[in-house]
Amino acid sequence: MESDPILNLLHSNVTSPLNASEETGEAPVVQIQELSKVYQQGEISIYALNRISLNIAQGEFLTLMGPSGSGKSTLLHIIAGIDRPSSGQCRVQGIDVTKLSESELADWRNQNVGFVFQTFNLLPVLTAFENVELPLLLTRLTSKQRKKQVLTALELVGLADRMGHLPRQLSGGQEQRVAIARALVTDPQLIVADEPTGNLDSNSAHEVLDILQSLCKVAAKTVIVVTHDPKAAAFGSRSVHLEKGELAN
Amino acid sequence: MALPIQYNIRSVLVRWRSTLSTIFGIGLVVAVYVMMQSLAIGLEQSSANTGDPRNLLLMRKGSTAETSSQVTREQFKLLQYLPGLEKDEKGEPLISADTMILITLARRGNQGEANILVRGVTKMGIYLRPQVELIQGRMFEPGRREVIVSQRLAERFEKLGIGETFKTGGHELTVVGWIDGHKSAFDSEIWMDSDDARSLFDRENYSSVLLRADPTRWNEVTNRVESDKRLPLMTISESKYYSDQTATATPIRFLGNFLATAMSIGAVFAAMNTMYASVGSRTREVGTLRVLGFRRRSILIGFLIEGAILAFIGGALGCLLALPINHYSTGTLNFQTFSEVVFEFNITLPLIIKGLVFAVTVGLIGSLFPAIRASRLPVIASLKSL
């Protein structure tokens, strides 16, 4: 299986700059309190999220499940700092992301969150290497340091040999693995994924979830995955269900 | 932090089919701009190139061109003794009186007729104009109704080949040599012996006087001429006389600028259209970049750069389209002398740079609003776009 060398790499990965220190017993990485998101439609208020409180620990692989429109993607977007709540708090590693200005939030996302999208969202004109390098262009790293980090990330997803390929020259599964490499290249504590296997066949989906799971287990990353798929949820260490903007369990 | 430039370049190139018409449109505007300006530059250079910095030209007071000036033989004699007048090895003063006559000649290829300047010139007059070179045939001989003509003129007018004769004012003149004025106003002239010219065309007086004097003593010369009541003449440096004639290029420049401005408005809209389409088809890319941490400003600058790249390619194409016209010889009417002036289109490096800057400006203006739209796209909505 193709993911084996990745797992091996993750297990033997002592020198990787992506290797986070394994600390336990600390405060939760994500602390959500009374979080609401309301859309106003004329006179009617629609609650996408209704007073949600939730803690997510370091190294946790949390899956957010629920029917369409249940608010799971909205919650993910707020945690990741690309959407703002109507009220409530969302602290990630101690920082209340709801209080950051737009440009502060952009910097914060770059340094603290890795994103994986359902549609991969690789830039079609850039090679796998260049796509993974993108977030690093916003850091102070030299091009040599960037190269080293990009190669490590691509090795972790088993695609170092494809770094010169354009997205259209890769399969869906490979594209998503490049997207994962891009998500973890800045060594963020938090990796969020919105339906990462939604566009993949079952083999590729398995590979992708395997990698995400290893990131939690080996590198103590906190991974939050929005999914419809119970098979995907089975990879997580905890599953949270949302319904009509509220926690169901 | 800006987006990587290779991203911008490839994003432009990857849509080459949809951007081709815009590139071509901008190219045409720049080509027209460069051609018209090169015409003006060529015309201006032919004037600015003319004259020896040591020479002074004397004309009747109030005349704006040699053709409308008169200098009598008595006046010419008085001028022989001006202060500061230089002399040649034989001790002859470096001063010459020319007679200017306008004649009409037929253009090649049945393109009508045009006025041509004939300069009746002395040996000294030829000596005082070292930039004129006899390149083929021989010098005219006084008394034999012979002329030497500019080669460029011969290319544009009938019967100016060496050995050929042409008729003017009932007289036949034989072409015995071709001259090259090295892109000066003399490229638009026919030269013959001064006395021949006066007798043939019935002129009692000369038109102008050219002399060489030490420039530091020009004031002395001018003062002497102006204080002598027998000399109703004015002095002007030969170089200045010709550079003043660059005014002929002004309408061409105006027309060139007007055309380019009018066309560039169309090109701006073409660029805007292309860039709006580009932003529209890359909404999700923009959303992704924002999620990765790129700020609005980076997105804005990125799209502006793409507009500039697009326009730069168009500009380069335009310069290439205009290039074949470089050094192409043409003619127009000189509004000072009312004679045909022959000159070359001249595409210079500064003109090419101007053309490219012009193109990039068109691209930047055209991409401004699309870039602003891209930078203001809401992140989540743009991630959901297909």
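Brief remarks follow.
- Shown for B:160, B:102: other C-beta atoms within 10 Å of each C-beta, ranked fewest to most, produce the order B:102, B:160.
- Dividing the mean sequence gap of close Cα pairs (under 8 Å, 6+ apart) by how many residues region B:308-386 holds gives a relative contact order of 37 percent.
- The loop-placed GluC sites (Glu not before Pro) in region A:23-112, going by DSSP, that have at most 15 neighbouring Cβ atoms within 10 Å of their Cβ come out as A:23, A:26, A:43.
- Computed [θ] at 222 nm, deg cm²/dmol, chain A (DSSP H ≥ 4; -39,500 (n - 2.57); rounded to nearest 500): -9500 deg cm²/dmol
- Inter-chain Cβ neighbour average for residues B:281-293, partner chain, 10 Å: 6
- Helical runs assigned H by DSSP (4 residues or longer) give chain B a calculated mean residue ellipticity at 222 nm of -15500 deg cm²/dmol, each run adding -39500 (n - 2.57) before division by the residue total.
- Of the two radii for the protein assembly as shown, the radius of gyration is 1.31 times the Kirkwood radius, both from the alpha carbons; that is the Rg over Rh value.
- Peptide A:116-125 has a mean of 5 when you count, residue by residue, the C-beta atoms of other protein chains within 10 Å of its C-beta.
- Value of relative contact order over region B:62-231, rounded to a whole percent, pairs C-alpha under 8 Å and six or more apart: 32
- Set of lysines with alpha-carbon distance to residue B:229 below 19 Å, sequence-local pairs under 8 removed: B:61, B:77
- Pairwise centroid distance, computed over Cα atoms, of region B:128-201 with region A:52-131, Å: 86
- Column: log10 I(q)/I(0), Debye, Cα scatterers of region B:62-231, q = 0.08, 0.14, 0.16 Å⁻¹: -0.26, -0.76, -0.96
- Straight-distance crosslink candidates among lysines, where the alpha carbon sits under 22 Å from residue A:72 and sequence neighbours closer than 8 are dropped: A:37, A:99, A:221, A:231, A:244, B:384
- Seen from every direction in turn and averaged, the convex hull around the alpha carbons of region B:185-250 projects onto 6.5 nm².
- Shape descriptor for region A:27-137: Rg over Rh equals 1.00 (Cα atoms; Rh from the Kirkwood inverse mean 1/r).
- Distances between placed amide hydrogens fall under 5 Å for residue B:189 paired with B:150, all partners being 5 or more residues away or on another chain.
- In Hz, Karplus ³J(HN,Hα) per residue of region A:37-42 (6.51, -1.76, 1.60; θ = phi - 60°; x = Gly, Pro): 9, 10, 9, 9, 10, x
- DSSP-loop GluC sites (Glu not before Pro) across region B:174-270, with at most 13 other Cβ within 10 angstrom: B:204
- Whether region B:310-386 is rounded, prolate or oblate, judged on the alpha carbon gyration tensor where a/c under 1.5 counts as rounded: prolate
- Per-residue mean of C-beta atoms belonging to partner chains within 10 Å, peptide B:370-381: 1
- Environment charge of residue B:57, counting only residues whose C-beta is closer than 14 Å and scoring Lys/Arg +1, Asp/Glu -1: +2
- Once the Cα-Cα distance is subtracted from the 0.36 nm per residue extended length, the residue A:140 to residue A:100 segment shows a gain of 12.2 nm.
- For residue B:113, the residues whose modelled amide H falls within less than 5 Å of its own, excluding neighbours fewer than 5 places apart on the same chain, are B:107.
- The trypsin sites (Lys or Arg not before Pro) of region A:56-151 that DSSP puts in a loop, and whose beta carbon has at most 14 other beta carbons within 10 Å, are A:140.
- Of all lysines in the structure, the ones whose alpha carbon falls short of 29 Å from that of residue B:354, not counting any fewer than 8 places away in one chain, are B:183, B:240.
Where a number appears in this text, it was derived from the coordinates with a stated rule and is not lab data. Bear in mind that the values here come from a model prediction, so they are computed numbers and not experimental data. Positions of Cβ are generated from backbone atoms using ideal geometry, with glycine treated the same way; all protein chains shown enter the neighbour counts.
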